[in-house]
Amino acid sequence: MRTFKRAGAVLAALVGFTSATHAAEINVYQVYRSIDLGESETLPPKDIFISAGSTQGVKRGAVLDVYRRISSFDNLTQKHMGDHMIPVGRLKVIHVDEQTAIARLDKFVSTDSEPALLPQAVMIGDVVRLSQ
């Protein structure tokens, strides 16, 4: 019984550490594309929903950089070696509310100069930062 209590305490501490560490991050929480009715040659654009809005200083027209957190492990020692923030692309904000914003893809990062991510798309959970 003590082992379970100790394991629960360790797990709670880890969960608290993880959520506190990533709590201030802005993330993609939804990606939406309307249904293609076949009326045109091009696909409807994707709307990318962001977990920050005017309260956090996001404005319509703002440019945002998108990153994907990739964890790396040493397969020999089974040791976590760290997290890498791999650039995915750039978004442009088209709509802002108090706590959320909606953006559209401006461009993807070239895989010639950065690690290749598959699929090459903005995904739920990607980290978003205001572009410098």
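For Ile86, are the conditions met, namely being in contact with a His (Cβ under 6 Å, 6 or more places away or on another chain) and farther than 15 Å from Gln30 by Cβ? Answer is no for this residue. Being within 26 Å of Thr55 (Cα to Cα), modelled with pLDDT of 90 or more and over 14 Å from the mean Cα position of the chain (by Cα), is that true of even one residue in the stretch 80-92? Scanning the stretch 80-92, I find at least one residue that is within 26 Å of Thr55 (Cα to Cα), modelled with pLDDT of 90 or more and over 14 Å from the mean Cα position of the chain (by Cα), so the answer is yes.
Taking the stretch 16-132 as the region of interest, the strands (runs of 3 or more DSSP E) fully inside it that hold 3 or more residues being of a type in the set (Ser, Thr, Tyr) are 63-74. Of all the residues in the stretch 78-128, those that are surrounded by fewer than 13 Cβ atoms within 10 Å (Cβ to Cβ) and under 13 Å from Leu64 (Cβ atoms) number 1.
Picking from residues in the stretch 38-77 that are of a type in the set (A, V, I, L, M, F, W, C) and exposed (fewer than 13 other Cβ atoms within 10 Å of the Cβ), the one that is farthest from Leu130 (Cα to Cα) is Leu76. Considering only the stretch 86-101, I want to know if a residue exists there that is in contact with a Phe, Trp or Tyr (Cβ under 9 Å, 6 or more places away or on another chain), in contact (Cβ under 8 Å) with a residue 24 or more places away in the chain and more than 21 Å from Arg33 (Cβ to Cβ). Yes, the stretch 86-101 contains a residue that is in contact with a Phe, Trp or Tyr (Cβ under 9 Å, 6 or more places away or on another chain), in contact (Cβ under 8 Å) with a residue 24 or more places away in the chain and more than 21 Å from Arg33 (Cβ to Cβ).
The values are calculated or read from the model by the stated rules, or taken from the named source; none is laboratory data. In this text, all values refer to a predicted model and were calculated from it rather than measured experimentally. FYI the Cβ positions are ideal-geometry reconstructions off the backbone, even for glycines, and counts take in every protein chain you see.
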